[in-house]
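All remarks here apply to the structure that follows.
Read-outs: derived from the displayed coordinates by stated rules, not from any lab. In this text the structure is predicted, and so the values were computed from the model without any measurement. All Cβ positions, glycine included, derive from the backbone under ideal geometry; neighbour counts span all protein chains shown.
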Amino acid sequence: MTNSEYLKPIPTWDTDSKAFWDGCKEHELRIPKCNDCGESFFPPQSVCPKCWQRNVSFEKVPGTGKIYTFAVVNQNKSKAWAEDVPYAIAYVTVDVAEVQVFSNVVNVDDPFKLKIGQKVKVAFRDINDEVSLPIFEPA
Amino acid sequence: MGGLTRKAAIAGVYEYPNRNDPTVSENAIQALSAKKALEDAGLDIKDVDGLMSPMGMGLLQVAEYMGLNPDLVDTTQVGGSSYQLHVARATAAIAAGQANCIVITYGSIARSSARAIGTGGRNMAKPNAIESFEVPYGGILAGMYAMVKNRHMYEFGTKDEQFANISVITRRHAGLNPEAMFRDPITIDDVLSSRVIAHPLHLLECCIVSDGGGAVVVVSPELARSIKKKPVWVLGEGEGYAHLANGKRDWVTTGAAQSGKTAFAHAGITHKDIDHAMIYDSFTITVLTALEDLGFCKKGEGGAFVEGNRLAIDGDLPMNTDGGGLSSNHPGMRGLFLIVEAVKQLRQDYKGTERQVPGDPKISIAHGTGGMLGSRHASETLLLGV
């Protein structure tokens, strides 16, 4: 898929989140963790939200997890999503880091039949050469 | 105790009545409403020494539009609950002697300029670094709230019918308000057979889109003695802010748990003292979680609490008696209307009509939820009394 065909908003990053998106480009889910206090957190930031130290590593996690909650968007007035409705949005609690990641759950026959607690695993949608979007599908 | 009990009073209120009005600008709505609210109080333009509206630097344009050079402004923007916060800030400023007569204004032409609120999209061509963790996934506003509803149903077994009853009762109240946008009665079946916007939220569980605006005048105790109508006192105020909690959020608990606790402690009252409630109703889930978190029932028992007639005007806790954002009006930030209706009920402006809360209501709660459940939001609680 080339950039010109992709109508949906494309992620951008700053110094807090670049390491996360770099991981996505390599199809790895990397969750930030404080080397000082051990706290894992999401979304990414370069300073730990618990101890406020700037000593954070982005650690690869297996990419498996469970749906914490989800909704099925059945109406979106933007034409970028016209062919996607109905689609699922979800908070997925990812294994190991145990943090909630907001994303889509895709590759399901009927998103209305998804269940909270259902096991999912990460996949990556290559938007262009620079950006890959982490999404989830049933495990 | 602390807090701001009876340090200032609401002297005048006004709600701009038109729901779809292509003839006015947002600044015009604010100026016209401010004038009407001052008339309601029996005060004059020259009495005004403070101006508040959640507009950032845009507030200076409003001041200019109204020919005001206020001694004090507040432009804090925390979404639809900004007006609860402004009444608290105005009260604090008056208590500190910084101002005597503060006007809080709102104006929006969301409908006539065709901006979808409750059911619309949230698509930005180029999200910033933080937005990039929500926007690329098509997380529309209703979808974020729907995730909270879904989790509530999962954790506590809350039923769709219970949520729908909130819409049904609110619509009944809209039937009593000639200015409400949707007034025909609806049933639980109507709600649950309306189209799904974002499962598990149905269309009739989502706020409507209207134009609107209004103004509230907050004055010092000294000035309150000279006004035309009964002053309505600020008894307590509380704030609560909720965000993603760095990936560890309990999404069924809102900022109201914090704001409500503070407000009740400051006022020195309990839930039994509340005669009337205005609870921000962007969606049914917004109401149900707020009632739990404010302490009207335990967490998880909101479904049973909103069943039956309890929240109706002749029930134990008359709620959203103007028809709410679900049926009367929702121009984007509804918090100001919660205050307007609470003041009118406490002054018994509707006396002799079906719209007046029966008995002798003394205390009302006006609780706003700004931003988004399921994402970052600002909960602001005001307790008002006569």
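Does the stretch B:62-76 contain any residue that is part of a loop (DSSP other than H, G, I, E, B), of a type outside the set (A, V, I, L, M), crowded, with 21+ Cβ neighbours inside 10 Å and away from chain A (no Cβ under 14 Å)? Looking for residues that are part of a loop (DSSP other than H, G, I, E, B), of a type outside the set (A, V, I, L, M), crowded, with 21+ Cβ neighbours inside 10 Å and away from chain A (no Cβ under 14 Å), one finds none in the stretch B:62-76, hence no.
Restricting attention to the stretch A:14-39, the residues being surrounded by fewer than 20 Cβ atoms within 10 Å (Cβ to Cβ), at the interface with another protein chain (Cβ under 8 Å from one of its Cβ atoms) and under 15 Å from the mean Cα position of the chain (by Cα) number 0. Within the set A:53, A:75, the sole residue that is of a type in the set (S, T, N, Q) and facing chain B (nearest Cβ under 8 Å) turns out to be A:75.
Scanning the stretch B:46-59 for residues that are surrounded by 13 or more Cβ atoms within 10 Å (Cβ to Cβ) and of a type in the set (A, V, I, L, M, F, W, C) turns up B:48, B:51, B:52, B:55, B:59. On the stretch given as the stretch A:98-135, residues that are under 13 Å from residue A:24 (Cα atoms) and either more than 10 Å from chain B (Cβ to nearest Cβ) or assigned to a loop (DSSP other than H, G, I, E, B) (or both) total 10.
Scanning the stretch B:166-210 for residues that are surrounded by fewer than 24 Cβ atoms within 10 Å (Cβ to Cβ) and basic (Lys, Arg) yields B:172, B:183, B:195.
The number of residues in the stretch B:220-244 that are more than 14 Å from chain A (Cβ to nearest Cβ) and not in a loop (DSSP other than H, G, I, E, B) comes to 14.
Here are some conditions: (1) under 16 Å from the mean Cα position of the chain (by Cα); (2) within 14 Å of chain A (Cβ to nearest Cβ). Residue B:247 meets all but one. Which one does it not meet? Tallying (1) under 16 Å from the mean Cα position of the chain (by Cα); (2) within 14 Å of chain A (Cβ to nearest Cβ), residue B:247 fails exactly one: (1). Check the stretch B:98-114 and report whether any residue there is of a type in the set (Lys, Arg), more than 14 Å from chain A (Cβ to nearest Cβ) and either crowded, with 20+ Cβ neighbours inside 10 Å or touching a strand residue (DSSP E or B) at 6+ places or on another chain (Cβ under 7 Å) (or both). Scanning the stretch B:98-114 turns up at least one residue that is of a type in the set (Lys, Arg), more than 14 Å from chain A (Cβ to nearest Cβ) and either crowded, with 20+ Cβ neighbours inside 10 Å or touching a strand residue (DSSP E or B) at 6+ places or on another chain (Cβ under 7 Å) (or both). Residues that are free of Cβ contacts under 8 Å to residues at least 60 places away in the same chain and under 26 Å from residue A:130 (Cα atoms) number at least 1 in the following strands (runs of 3 or more DSSP E) confined to the stretch A:11-97: A:30-34, A:56-60, A:87-94.
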